[in-house]
Amino acid sequence: MSDARSGAGTSAPTVLRMILGRRLQERRLGAHVSLDDAAKALRVTSLTIRRLEKADVGLKPLYVEKLLQTYGAGQQEIDEFVELAERANEPGWWHAYRDVVPSWFTAYVSLESGAKTLRTYEPHYVTGLLQTHGYARAVLRGGFPNENEEDLERRVDLRLRRQSLLEKPDAPTLWVVMEEAVLHRVAGGAEIMREQIDRLLEVSELEHISVDVVPFSAGAHVGACAPFTYFRFEEPELPDIVYSEILSASVYLDQRSDVSAHLEAHNRMSLATSSADSRALLLRMRKEYA
């Protein structure tokens, strides 16, 4: 996934598949088996082995079993790994929305569902995990002006279903930094904006959610760029990952220098405000929509 731009035809890996791919790579390196030798064991090309380890393709149980035998793994480890591989190949719940969501975004939903920490920067809209139904519908209608009503509602439904992860007992930590401009950009009318701000005020009181609003008075700052999301995982096999998007595609970054630059930008932007100031700004904007 490193620095990979995903297109519409790419199969989006689940987090579990990514973890297992990295474990396969670690097992191969630990056994001092080259890519070419691993490929010979399966009678495939070394590119196929690389794609298995990068989670670019599904993990065929027979391939996994043969590779682990080649790497000297015991039968119990092989059986457990194959069972996990079968689970990793099962589509996530979001697969049901593949008709209205590009495959490069299903990768995002998988990462979001598996992350322990999420940090987002939003210069344009409230982040999807905190949107109300009315706000989500207005934003998506603006983004897909020619969408029929049925497909638009499916997009809204997917966005709202994603929010359930914040209600789990082991919910991830979510830290949102947004520009004040988000609150001035009217989506759906005054009533919907008021409901959306109420939602932000409500969730900002939760222990695992932080909402920082960078005021106009902060002026130019390091993060004035495209929206992005930073993911950190509990599993040691997975690196920190940053997602950013353009109009028709997305980019996923896991190179340390790229991730560090985005993390530093998020930290610097958060210093431009405080929880108390952000809350005061939200309350003031709520009155604007009364």
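The values are calculated or read from the model by the stated rules, or taken from the named source; none is laboratory data. Everything quoted here is computed from the prediction, not taken from an experiment. Here the Cβ is made from the backbone with ideal geometry for all residues, glycine too, and neighbour counts use every protein chain on show. Accessible surface is based on the protein model in full, side chains and every heavy atom, while ligands, DNA and RNA are left aside. Shrake-Rupley method; radii C 1.70, N 1.55, O 1.52, S 1.80 Å.
A few notes on this one:
- A220-A276 FRET efficiency (beta carbon distance; Förster radius 25 Å; 0.05 resolution): 0.60
- Three-way shape label, the range 161-254, alpha-carbon gyration tensor, a/c 1.5: oblate
- A straight Cα-to-Cα reach below 17 Å connects K66 with the lysines K40, residues fewer than 8 places away in its own chain not being considered.
- 25 Å Cα-Cα reach of K116 towards lysines, excluding residues that sit fewer than 8 places from it in its own chain: K54, K168
- For the range 120-211, the fraction of alpha-carbon pairs lying more than 18 Å apart is 45 percent, rounded to a whole number.
- Cross-link partners of K287 among lysines (Cα-Cα below 21 Å; sequence separation of 8 or more within a chain): none
- Unit charges on C-beta of K, R, D, E only; dipole of the chain, Debye: 460
- Surface accessible to a 1.4 Å probe, D277 within the full protein complex, Å²: 100
- Over the chain: helical MRE at 222 nm, DSSP H runs n ≥ 4 each giving -39500 (n - 2.57), nearest 500: -15000 deg cm²/dmol
- Choice from S250, S164, S204 showing the highest fluctuation, given a GNM over the chain with Cα pairs closer than 10 Å: S164
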